[in-house]
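Each remark here refers to the structure printed beneath this line.
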Amino acid sequence: MSSQFDLTIYTASTWVIPLLLAITLHEAAHGYVARVFGDDTAWRMGRVSFNPLNHVDPFGTIALPAILLLFHAPFLFGYAKPVPVDFRRLRSPQRDMIWVAAAGPAMNLALATAAALLAHVVVFLPADAGQWALSNLVNAININVILAVFNMIPLPPLDGGRVAVGILPKALAAPLAALEPYGMLIVIGVFFLLPTFEAQFGVSVDVFSQVVIRPADAIIQLILRLTGLG
């Protein structure tokens, strides 16, 4: 019992630490870049912070990852409370919205690259500490790249949706922006509910793997090659 409990705590620590770092720095990056471009809303509310407690969402940060971990999901996923950004206060709202939205995924890719580089120094640690650190770094690479790819899906309120709204001409941007109140419902329906219904009819179309996991795998392989691990 004790050894099984210890193993569970050990495994959880190698996932929870990189996940908290990934979502905390993702949200802090949005707030920091928004401040650079003229909106200090997140800064005044204390959301440009390295303190994970300032970004915790009870379901997305705690319950969802715990459920995935409990059921031995092939990946761990979570999200934080969105950083408040008043796009009207940005100096050039349509243009600057692109930079603010892209800052989160860009931070995740930077963290994944940093984790890959840090993997080179694990050999200098004691064996047990080195194995624990390596597990954290491997999970950090996977979590950060998956978060980056998922968030760049071009559907508001995901970051990719806001980037698309900023880039597209008004005739296309307006109807896309109008989907924002329903965006997460659409994502949950397509990625998590649709496969459940398909399974009832013997059909298997793993949308999440096609849209998120496959591109993420390609990016991970690129990062590993660029950092000398591939």
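The values are calculated or read from the model by the stated rules, or taken from the named source; none is laboratory data. Nothing here was measured: the structure is a model prediction, and the numbers come from that model. Heads up, the Cβs are rebuilt from the backbone with ideal geometry, glycines too, and the neighbour counts pull from every protein chain shown.
If the condition is being of a type in the set (A, V, I, L, M), under 12 Å from the mean Cα position of the chain (by Cα) and modelled with pLDDT under 95, then segment 59-111 contributes Leu76, Ala80.
Looking at Pro181, Pro157, can you tell me which residue is of a type outside the set (Lys, Arg), out of contact with any Phe, Trp or Tyr (no Cβ under 9 Å at 6 or more places or on another chain) and part of a loop (DSSP other than H, G, I, E, B)?
One residue alone meets the criteria, Pro157.
In the condition set (1) out of contact with any Phe, Trp or Tyr (no Cβ under 8 Å at 6 or more places or on another chain); (2) among the charged types (D, E, K, R); (3) surrounded by 15 or more Cβ atoms within 10 Å (Cβ to Cβ), Asp128 is compliant with all but (3). Among the residues of segment 160-175, the one identified as among the charged types (D, E, K, R) and either assigned to a loop (DSSP other than H, G, I, E, B) or more than 19 Å from Leu109 (Cβ to Cβ) (or both) is Lys170.
With the structure loaded, tell me whether Val123 is β-branched (Val, Ile, Thr), within 20 Å of Asp40 (Cβ to Cβ) and in a helix (DSSP H, G or I) or whether it fails that test. No.
Answer with yes or no whether Tyr10 is hydroxyl-bearing (Ser, Thr, Tyr), part of a helix (DSSP H, G or I) and out of contact with any Leu (no Cβ under 6 Å at 6 or more places or on another chain).
Here the answer is yes, as Tyr10 does meet what is asked.
Looking at this structure, is Ser92 more than 29 Å from Ile213 (Cα to Cα) and of a type in the set (S, T, N, Q)? Taking the combined requirement at face value, the residue satisfies it. All conditions but one from (1) surrounded by 16 or more Cβ atoms within 10 Å (Cβ to Cβ); (2) over 26 Å from Phe87 (Cα atoms); (3) polar (S, T, N, Q) apply to Asn151; the one that does not is (2).
Looking across segment 13-59 at every residue that is touching a Lys or Arg at 6+ places or on another chain (Cβ under 8 Å) and assigned to a helix (DSSP H, G or I), the one that is farthest from Ile98 (Cα to Cα) is identified as Asn54. Checking each residue in segment 166-219 for being modelled with pLDDT under 80, loosely packed, with under 15 Cβ neighbours inside 10 Å and among the aliphatic types (A, V, I, L, M) picks out Ile188, Leu193, Ala199, Val203, Val205.
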